[in-house]
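Working notes, beginning with the structure itself.
The values are calculated or read from the model by the stated rules, or taken from the named source; none is laboratory data. Computed from a predicted structure; not experimentally measured. Note: ideal-geometry Cβ built from the backbone for every residue, glycine included; neighbour counts use all protein chains shown.
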Amino acid sequence: MKNRKPSRYEERVQQAYLAQQQSGRPVNILGIETSCDETSASVVQDGRTVLSNIIASQADIHKRFGGVVPEVASRRHVENITLTIEEALQEAGKTLDDIQAIAVTYGPGLVGALLVGVAAAKAISYARGIPLIGVHHIAGHIYANRLVTEMEFPLIALVVSGGHTELVWMKEHGHYEILGETRDDAAGEAYDKVARALQLPYPGGPHIDRLAHEGTPSIPLPRAWLEPNSYDFSFSGLKSAVLNTLHNASQRGESISPQDLAASFQDSVTEVLVEKTIRAVKEYGARQVLLAGGVAANRGLRERLSKRCGEEGLPLVIPPLSLCTDNAAMIAAAGYISYQKGRFARLDLNGVPGLPLS
Amino acid sequence: MMRVLAMDTSNLVLSVAVVEEDRILAELTTNQQKNHSVRLMDAISELMDETGTLPEQLAGIGVAKGPGSYTGVRIGVATAKSMAWSLQIPVIGVSSLEAVAMNARGFSGLIVPLFDARRGQVYTGAFRTKDWAELSVVAEERLVLLRDWLASLKEQAGNERVLFMGEDLRIHRETIAEQLGEQALFAPATHNHPRAAHIGLAALGKLAEGGHPHEMVPEYLQLAEAEAKWLAQNPACGVKE
Ligand SMILES: [Zn+2]
């Protein structure tokens with residue numbers, strides 16, 4: 001219906017927003033993130049200052065299954081959701097009276113998991129008559145950087161995690177252009193698969209990183225540069241090459257140093273990620289490079305990107321580990337941009353597993 | 001006057017109601033199989049406006065806690081507990097099966113609501129009522145093969161009539177008729193949907209018992225498949241539930 005009368009909820013939200021704008025007081029946003037296996041809630045002030053960031057991790061639960069089980073994750077989210085939110089308020093020393101808006105991840109992610117956070121956010125927004133903001137998970141990862149240092153535009157963000165590998169160009173706040181993304185496995189996924197082949201425990205990324213530092217990249221492995229102009233990524237060929245190397249060696253009765261193999265694999269992944277990032281910086285122009293996502297914790301990637309950015313004289317921002325992995329503070333930080341623009345979601349907000357970033 | 005908001009999204013039907021003491025102020029029930037995540041909050045907002053109810057006027061929230069579709073149950077429970085938590089009021093979970101069975105109050109005989117659970121299984125239970133009194137549980141709710149369930153009902157019912165209820169009867173009606181013959185009755189279409197008003201009134205009666213939002217969890221009646229498999233392979237760890 002086009003010209004319908006606004007609901008009481010919509011009126012209350014508008015009133016609350018106007019009153020806040022006139023007051024000039026700081027804006028406290030409650031962030032909620034449940035896109036995968038972390039139930040997280042956070043209070044962030046003015047998009048920059050983390051007052052609390054509670055993460056109820058399910059990592060131990062999913063470890064036994066060798067990966068995240070969506071149904072199990074969704075069940076834990078619904079058990080933990082209000083507890084986690086309450087903890088976030090308590091740690092921030094706030095009550096819901098001090099919260100001006102609710103920001104929630106509505107995609108991409110596991111649909112059943114997303115729905116729990118979205119339902120909770122909508123319910124609280126409705127009950128309190130305060131704005132609801134839908135946040136894209138990748139935008140959240142990028143905005144984790146703003147909790148560390150102010151963003152300088154234009155910028156290039158490299159987002160790497162278990163589910164994502166994206167190169168994003170931003171010319172201003174809230175504007176995202178995807179330059180490249182993975183055509184098959186995400187970088188973090190490739191790490192997990194290679195780790196499994198090397199019989200390392202799940203999640204394998206940190207183990208590969210550790211082994212890589214003990215070995216030398218002496219085993220030749222391919223680099224998937226794809227077409228000369230492409231900023232896309234592909235890691236499945238590399239993963240297969242690693243598996244073949246292991247397989248061939250075992251057939252010949254030779255042993256392969258896991259340290260050297262890990263180092264060679266990591267060398268291939270980080271070279272492609274870093275060189276494509278640097279090339280994008282040069283082509284599009286950027287005053288800042290941001291590294292985001294869970295794989296930003298990877299030492300090999302951090303070191304290589306730092307070195308190359310140093311050579312090119314580019315400022316690089318890497319958030320601390322606690323803000324790299326999935327958390328609600330980054331969602332609240334990204335949500336603040338929408339808040340300033342008055343861009344709010346309606347009560348029919350849904351969880352969208354394949355939500356595009358645009 | 002205590003007002004309660006109630007909701008059921010545990011299966012394909014969406015039902016929302018606002019009730020007050022012994023009156024139903026408004027109720028919305030649709031069987032359009034639209035996405036509950038998209039529809040639920042708008043339906044609540046509409047009904048609350050319709051009845052001139054502000055969220056802070058609510059004394060409690062009632063919700064169908066399952067069994068049913070895992071996702072559907074979670075949408076209802078997450079919404080209800082989050083709303084109750086932010087309003088600092090109790091949330092009361094009512095069995096989704098019982099919510100359907102309440103439609104048969106006044107029937108003398110065995111009341112058997114059921115939801116299809118695939119692979120020949122159903123979520124079901126058996127209730128009894130007398131002279132419009134509250135339902136009493138005859139057989140605890142469970143996940144069971146329909147054939148086994150019908151066999152055990154036959155023993156339990158003796159000569160009594162058995163009233164089967166629920167939207168999913170269309171799937172299982174033949175099997176039931178085959179096994180129970182004349183003894184089986186089938187509820188008319190008007191009685192097969194869960195009605196949130198029943199949940200609201202049941203919740204009203206239990207508000208004094210509390211019902212802390214943190215403790216409100218769905219009743220799935222079964223483990224997630226991965227968990228069940230894992231437990232089968234690691235029997236020493238036992239079932240924690
Ligand atoms: Zn993430």
request  = Filter segment A:60-83 for residues that are at the interface with chain B (Cβ under 7 Å from one of its Cβ atoms) and acidic (Asp, Glu) and give the result.
outcome  = A:Glu71, A:Glu79
query = Failed condition for B:Arg23, given (1) touching an Asp or Glu at 6+ places or on another chain (Cβ under 9 Å); (2) free of Cβ contacts under 8 Å to residues at least 12 places away in the same chain, with all others met?
reply = (1)
task = Tell me which residues, restricted to segment B:49-74, are facing another protein chain (nearest Cβ under 8 Å) and crowded, with 24+ Cβ neighbours inside 10 Å.
result = B:Arg74
inquiry  = Can you tell me which condition A:Ala73 does not meet? The list is (1) in contact with an Asp or Glu (Cβ under 6 Å, 6 or more places away or on another chain); (2) free of Cβ contacts under 8 Å to residues at least 24 places away in the same chain; (3) buried (at least 24 other Cβ atoms within 10 Å of the Cβ), and all the others hold.
reply    = (2)
query = Hey, any hits in segment A:18-27 for a residue that's assigned to a strand (DSSP E or B) and in contact with a strand residue (DSSP E or B) (Cβ under 7 Å, 6 or more places away or on another chain)?
reply = no
message = Exactly one of these conditions fails for A:Ala212: (1) in contact with a Leu (Cβ under 7 Å, 6 or more places away or on another chain); (2) crowded, with 16+ Cβ neighbours inside 10 Å. Give me its number.
response = (1)
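Test of understanding: among B:Glu27, B:Glu20, B:Glu46, which residue is of a type in the set (Asp, Glu) and at the interface with chain A (Cβ under 10 Å from one of its Cβ atoms)?
B:Glu46
Report yes if A:Ser257 is under 18 Å from A:Tyr191 (Cα atoms), more than 14 Å from every other protein chain (Cβ to nearest Cβ), more than 16 Å from the ligand (Cβ to nearest atom) and surrounded by fewer than 23 Cβ atoms within 10 Å (Cβ to Cβ), otherwise no.
Against the criterion (under 18 Å from A:Tyr191 (Cα atoms), more than 14 Å from every other protein chain (Cβ to nearest Cβ), more than 16 Å from the ligand (Cβ to nearest atom) and surrounded by fewer than 23 Cβ atoms within 10 Å (Cβ to Cβ)), A:Ser257 qualifies.
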ask   = Is it the case that some residue within segment B:31-41 is at the interface with chain A (Cβ under 7 Å from one of its Cβ atoms) and at pLDDT below 95?
value = yes
key: Residue count, segment B:1-20 (criterion: under 18 Å from B:Leu87 (Cα atoms) and without any contact (Cβ under 8 Å) to a residue 60 or more places away in the chain)   = 3
task = Enumerate the helices (runs of 4 or more DSSP H) found wholly within segment B:109-227, keeping only those where 2 or more residues are more than 23 Å from B:Gln33 (Cβ to Cβ) and in the same structural domain as B:Ala43 (by TED's automatic domain parsing).
result = B:196-206
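A:Gly205: under 17 Å from the mean Cα position of the chain (by Cα) and away from the ligand (no atom under 16 Å from the Cβ), yes or no?
So A:Gly205 fails the test.
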request  = Could you tell me whether A:Ala88 is buried (at least 22 other Cβ atoms within 10 Å of the Cβ), away from the ligand (no atom under 16 Å from the Cβ), touching a residue at least 60 places away in the same chain (Cβ under 8 Å) and small (Gly, Ala, Ser)?
outcome  = yes
request  = Looking only at segment A:127-184, count how many residues are away from the ligand (no atom under 15 Å from the Cβ), closer than 24 Å to A:Phe233 by Cα and aliphatic (A, V, I, L, M).
outcome  = 6
For A:Ile32: the one exception among (1) within 10 Å of another protein chain (Cβ to nearest Cβ); (2) free of Cβ contacts under 8 Å to residues at least 12 places away in the same chain = (2)
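Hey, among the residues in segment A:314-358 that are of a type in the set (A, V, I, L, M) and assigned to a loop (DSSP other than H, G, I, E, B), which one's nearest to the other protein chains (Cβ to nearest Cβ)?
A:Leu347
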request  = Mind listing just one residue for me: the one in segment B:6-22 that is at pLDDT 95 or above and over 23 Å from B:Pro113 (Cβ atoms) and, of those, surrounded by the most Cβ atoms within 10 Å (Cβ to Cβ)?
outcome  = B:Val18
ask   = Assuming A:Leu314 fulfils every condition listed in (1) touching a residue at least 12 places away in the same chain (Cβ under 8 Å); (2) under 25 Å from A:Val116 (Cβ atoms) apart from one, which condition is it?
value = (2)
query = Does segment A:148-156 contain any residue that is among the aromatic types (Phe, Trp, Tyr), surrounded by fewer than 24 Cβ atoms within 10 Å (Cβ to Cβ) and under 20 Å from A:Leu273 (Cβ atoms)?
reply = no
query = Going through segment A:91-120 one residue at a time, which ones are away from the ligand (no atom under 16 Å from the Cβ) and assigned to a strand (DSSP E or B)?
reply = A:Ala101, A:Ile102
request  = Can you tell me which residue among A:Tyr202, A:Tyr231 is among the aromatic types (Phe, Trp, Tyr), farther than 28 Å from A:Glu38 by Cα and touching a helix residue (DSSP H, G or I) at 6+ places or on another chain (Cβ under 8 Å)?
outcome  = A:Tyr231
message = Suppose we filter A:Glu181, A:Glu166, A:Glu172 for residues that are outside any loop (DSSP other than H, G, I, E, B), without any contact (Cβ under 8 Å) to a residue 60 or more places away in the chain and away from chain B (no Cβ under 13 Å); which single one remains?
response = A:Glu181
task = Could you tell me whether segment A:255-268 includes any residue that is without any contact (Cβ under 8 Å) to a residue 60 or more places away in the chain, in a helix (DSSP H, G or I) and β-branched (Val, Ile, Thr)?
result = no
request  = Please work out which residue is surrounded by the most Cβ atoms within 10 Å (Cβ to Cβ), limiting yourself to segment A:297-313 and to residues that are within 16 Å of the ligand (Cβ to nearest atom) and over 12 Å from A:Thr165 (Cβ atoms).
outcome  = A:Asn298
message = Tell me yes or no: at least one residue of segment A:46-60 is modelled with pLDDT under 95, within 16 Å of the ligand (Cβ to nearest atom) and touching a Pro at 6+ places or on another chain (Cβ under 8 Å).
response = yes
